[in-house]
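The values are calculated or read from the model by the stated rules, or taken from the named source; none is laboratory data. What you see is a predicted model; the values in this text were computed from it and never measured. Because the Cβ atoms are built from the backbone with ideal geometry, glycine has one as well, and the counts that use them run over all protein chains shown. The area values use the complete protein model at the heavy-atom level, side chains included, leaving out ligands, DNA and RNA. Shrake-Rupley method; radii C 1.70, N 1.55, O 1.52, S 1.80 Å.
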Amino acid sequence: MKKTLVATIIISLLMTGCDSSSETNGSHKDEPPTLEHKTFTVLTANVWNELSHDAKDAVENPDGKIAYLLAVDEMKNSKADVILLQESGGTSARLAEDLNMYLWQGSDFIPDTAILSKYPITEVFDNENKSISRDDLSRGNRENVGVKLSVDGRDVIVWANHLDYTHYVNYEARGGNGMTWKARKNCLAITDTDELDRKEMASERPAQISRVIENVKPFIDSDTLVIIGGDFNESSGVDWTAETTDMFDHKGVIYDYETHKRLLNAGLTDSYREIYGDPVSHPGITWPYNNEDSYTDARSYILECGRALDDRDRIDFIYYNAQVAGVTLSHVAVVGPYSKEFFKSVDGVDYSQLEDVHDGAYIDEGGNSHYTKRQWPSDHLWYKSVFSLQTEGATTVNPHYFTPLFERVKYEKQGNDIQISFNLTHLDLWENEIKYILEITPRYQHAILGKNLQKQALLEKPLADERINMLITEDTLARLRKEGQDLQIRYTSSSLIGAYHKMYAVKTIPLDILNAL
């Protein structure tokens, strides 16, 4: 949640639509299109340090699945049409391949935010603050990425956000320090709203969201559906109210967070609160969901506060312009286990009355949870919103790629080795400052710098028609066979971008194909 991870992968897809005036199917171009209603599901998912936290405890994670595979299962189960990713640097391209979705991650210097979509991406947006140095990016000043989608002929604007984690006001109001993550002397909470405002404005969050609002305003004005979501690293004023002052160690504080005020003032609606308006019965907690992931479960809080604090909050959101024509919000849910199962009370308050609606791979039709403690891939719970969109029905678009792609991949046996050859195309986003490499890894190897079976430097930008050859050695093949894993080629960087080992593109080659040669 709080770590900034910067790395760079880029796989975006720009598509152009077909001419809908064609009369080849017998329709007349002057007739109005037949309108259909399409279910459109958006999921926001903080994937916690590139899905690198694998639980090995047989009780807490009885199936023994690694975090990456748990995440893939959850994303498939969610039936998401769009996934907004945070902390995803080394996983975005891999997830896009495994889920068969389009991907946009912004420029090579945008750290850890991405959008996956089942629908074609027709336009892409970056939201880099050019005044922020790349060193600052690794300290919390994250960026935002946006796309325009073609959803059966209807334009939809989507932005994924991972806002600055520093000056974490949620802790300042509880007696913690929002920069050091330690307790203040005597656990002294900041209750003065003017002082909390100063802390809030010292972060990048309000400025980040204002840049997004500026970008989407023309689309809101033109009655285009706009969806803005992600990890906001702060709660909302509709949650820290007079009714919740005695809950979750709010210490009597009522506070209206600036970032959310700006979104609401721009005409956007908090999708969770549209359906579940009561923050007492439906707090919508997304972080942390268990005590172990709380930064207050630490020595400084025990010394200064006498105990750990209850720092559960809703910090993952999806907003949309509810006034747009032909759009209805039909369902919202927190995705993953109930926090009341795994966050044990630290202040003696009974939270059994919480009525949040949860979905997930281990939530049954009656809403009962069958999760064990670590059958979940992240420290955040995820959140989804389901919309009904009025569209013109299925349309055909022809893909036009502008970002990295492995093409014309071929394999050839050479003694006990195998040579793989391919073209690496659509490298318009190539940065001369980055030392690009190709790695050979097992398919489910975590994104760890220097951990690969083989690597090969790209000393200069390859031409689109230039064949790249990689000789996969007998030792590498033996290792893959021993682990029973497919081979994955990763187009990446030889150094971390911020704190991420980000993948720009991946290509998985099934082990069965290699064994058959």
Revision key, fill the gap. Per its Cα gyration tensor (rounded if a/c is under 1.5, else prolate when a/b beats b/c, else oblate), region 405-516 is best filed as oblate
Check your understanding: Do any of 199/344; 185/340; 56/373; 148/461; 455/502 go past 18 Å between their Cα atoms, and which?
Key -> 199/344; 185/340; 148/461
Study note, to complete from the structure: Over all directions, the chain yields a Cα convex hull whose mean projected area in nm² is 26.1 nm²
Revision key, fill the gap. Classified through the alpha carbon gyration tensor (a ≥ b ≥ c as square roots of its eigenvalues; rounded if a/c is under 1.5, else prolate when a/b is larger than b/c, else oblate), region 368-411 comes out oblate
Revision key, fill the gap. If the chain between residue 79 and residue 281 were fully extended at 0.36 nm per residue, the gain over the current Cα-Cα distance would be 70.1 nm
**Study point:** Estimated inter-spin distance, residue 394 and residue 464, nm [label 7 Å along Cα→Cβ]
**Key:** 3.0 nm
Study note, to complete from the structure: Measuring from its Cα centre, region 171-275 shows a charge dipole (+1 at each Lys and Arg Cβ, -1 at each Asp and Glu Cβ) which, in debye to the nearest 20, is 420 debye
Review point. Full extension from residue 345 to residue 475: what is 0.36 nm times the residue separation minus their Cα-Cα distance, to one decimal in nm?
Key: 41.6 nm
Study note, to complete from the structure: Under 14 Å by backbone N from the virtual spin label 7 Å along Cα-to-Cβ at residue 197, the residues of region 239-257 are 255-257
**Study point:** Difference of contour (0.36 nm per residue) and Cα-Cα distance, residue 261 to residue 515
**Key:** 85.6 nm
Exercise for review: For helix 205-221, report the angle its Cα long axis makes with the longest principal axis of the Cα atoms of the chain; keep it between 0 and 90° and round to the nearest 10°.
Suggested key: 70 degrees
Review point. So what's the angle, to the nearest 10 degrees on a 0 to 90 scale, between helix 474-483 and the longest Cα principal axis of the chain?
Key: 40 degrees
Review point. What part of the accessible area of the chain, given as a whole %, is carbon or sulfur when the probe is 1.4 angstrom?
Key: 47 percent
Revision key, fill the gap. Simple spin-label estimate for residue 408/residue 243, 7 Å along Cα→Cβ, in nm, reads 6.3 nm
